[in-house]
Structures are given as structure tokens and as C-alpha cells.
Amino acid sequence: MAPIQERYRSKRIYEIKPTDGGVELRLSDRIVELGKQEYGWYQKVAEWLPSVRGMADLSRDLGMDEAKVPKFIEALAHSGLLLETSSGPQTMTGLEFHARFSSILGSWLSEAFSHPFWERMMSGKGSKRLFTGWLIELYHYTKNANRHMPLSCACAHEKPIKQLRAKHYAEEWNHYHYFMKSLKALGFTEPQIAESVPLPMTLALSNFMRQAAREDILAYSICSAVLEGTTTDRGQYNPYYQKAGELYGVPKEAIAPIYAHLDLDVQYQHSDLFQDILKHVPQMTRERASRVLDYGHELVEHIWMWTDNIEKYYQVESNAVPRSPFDVRVD
């Protein structure tokens, strides 16, 4: 039997909430409750597993008899906090992978939109300026689809997948015009927006999509699926726009094009695209599946950092809205 440090690895924790007697740990598929002492022990085990330290070191850290440590680790695995590395199939079909992705998408979206920016905007502590800045960067990101979506078509080797990616591009390439309409309703001119430059993290998000397309068409497609994940139900995105309109005086004319764009995504069934692509994947190795999931979660982290960049730039009243390109006459 393999040593314990080779048999187990920690599963990803998406949220930690304190309770009266301990903590709640939210995994992708469950919530695990631990007492304060047990949580402290779990943290020490999680730190120890990827290390080269021996069982005696862990026993000492836990203040637990060495003979009892393996049983405690088995209990953590049984609770879902640890994964036994030998468990599960070595390969899976594309549709089996999609089922796995669907089971964790909700946790990913919660993490992506956990930035304080969203609570700030919904509570009335934001501003019309922040709403406008977010909309400008959304315009730039959507326009930048013309930098990464053609690349995804070029890098897809299987004809059915190439056709699906090309169809998606044909349906999306000009959707930045919806955000231009919104921004014009907020008082900006088309040249002002078209000639402005995006924030660094807006470019980083676009460039990450380009990297994913070159690495693996499924890596690109899972990132696209995460971005499409919020468009399946109007109830998910209605509250933000309605509240922003009420709190910050955003005119209905500026919100209507956003709804039109989201409704069009629903009409095109873009949220089903990833599943349609995976129907053409008869088999994935565990290694490929893990790599694709890594890209999906990295996209989630990029969304969080993108939101952070938007808030930090646009909350500063002296920063230009929109951002102007460099000009040798003034820079």
C-alpha cells in the first residue's frame, strides 16, 4: 500500500464560515462542519500531505498518538475533505466530464462573484461611476472576443468541434455593440468608447482565453462555459441591473441593451455549447480532465481579479473615464 502522503490530497475549499462551535467548509458538492479543534487538526494534515515530513512530525503537531493518525486521516477522507488519489476512473467520456463540471459550476460562479464590489453595488455603497466603469470594461472584453474566438476555431482539430466553435464566433463577434448602445445612453460618444483603452486585467482576461485556446480546445471551451454560466436564467442577473438603476440613476435606455444581449445568449443556447462540444469527445484521460478543470478555475480567479481592477481604478475620481490611449503631446 502506498504511503499516506501519496494516497491522499486535499480537496478544494471554496468558502469557510465560522459557526458557534467551529467552522463550515464548503466544497464543490457538500458542506462539512468541523469543531474548532478538528478544524485545527485538518489544517495541519492539509499542510503535511504535500510535504516530505514524516508521520512522527504530524503526530507531534496534532498532539495525537501516532497509531491514531491514519484513522483520523481516513475520517477526513470519508467526510469529503480529502481525496484518495487512486479512487475514480483513469478515463471518462466527454459527457461524464460535463456532469462533473456541472456539479461544481455553481461553486465556481459563487467564488468568481464573491468580490466585495458586488455587495457594495447592491447595498447602495457603490456609484454610477463604478457601474459605468464596469460597463466600459465589459464592452472592451466583449470586443476582444475577436482576438480569442477566431484562435479557438483555428486550434480546434476535430471538425465537429471546429464547426461548433465557428458557429459560436459567428453569433458573438459583434455583441460589443450592445454595450456601446448602453454607454451612449449614459452620455458617451461612440468615438470616446471605441478609441479608449481597457484596463490591464481586461486585457489579461482576454489573453488568458488566447492561452487556453492554444493549450487545449476543451480548456478554452470550459472557460467560455463559465462565462456563459450566468446567462441561463434572467432571475440571476435581473436584480443587479434593476438595483443599479434604482440606486444610481442608471436610465432604462442604458440597461435595455444589456438585457437584449443576455436574452440573445439564452436564445442561442450558448450555455449548452460546452455539452455539445463534449459529445464529440469519446474519451478523456484523468490528466487531461484535471488540466481542463484547472483552466476553468483559473478563469474564475481571473474574473475576481478583473473585478478588483475595475473597482480600484474607477472608484478614484481623478482617473479618466473612459481611459484614453497614450498621446506623445500630453504623456
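A few points about this structure:
- Matching residues, region 149-177, being surrounded by fewer than 20 Cβ atoms within 10 Å (Cβ to Cβ), among the aromatic types (Phe, Trp, Tyr) and assigned to a helix (DSSP H, G or I): Tyr169
- Selection status of Gly245, part of a helix (DSSP H, G or I) and over 19 Å from the mean Cα position of the chain (by Cα): yes
- Number of positions in region 142-178 that are in contact with a Ser or Thr (Cβ under 6 Å, 6 or more places away or on another chain) and more than 19 Å from Arg214 (Cα to Cα): 2
- Residue in region 261-272 that is aromatic (Phe, Trp, Tyr) and either closer than 21 Å to Thr189 by Cα or exposed (fewer than 15 other Cβ atoms within 10 Å of the Cβ) (or both) present: no
- Options Ala256, Ala260: the member that is closer than 21 Å to Trp118 by Cα and at pLDDT below 95: Ala256
- Matching option when the condition is modelled with pLDDT of 95 or more and over 30 Å from Gln5 (Cβ atoms), among Ser152, Ser114, Ser102: Ser152
- Residue within region 158-176 that is modelled with pLDDT under 95, among the β-branched types (Val, Ile, Thr) and either more than 24 Å from Tyr295 (Cβ to Cβ) or outside the structural domain of Arg30 (by TED's automatic domain parsing) (or both) present: no
- Residue within region 188-208 that is under 24 Å from the mean Cα position of the chain (by Cα) and of a type in the set (Ser, Thr, Tyr) present: yes
The values are calculated or read from the model by the stated rules, or taken from the named source; none is laboratory data. All of these numbers come straight from a predicted model, not from anything done at the bench. Every residue, glycine as well, gets a Cβ built from its backbone with ideal geometry; the counts of neighbours run over all protein chains shown.
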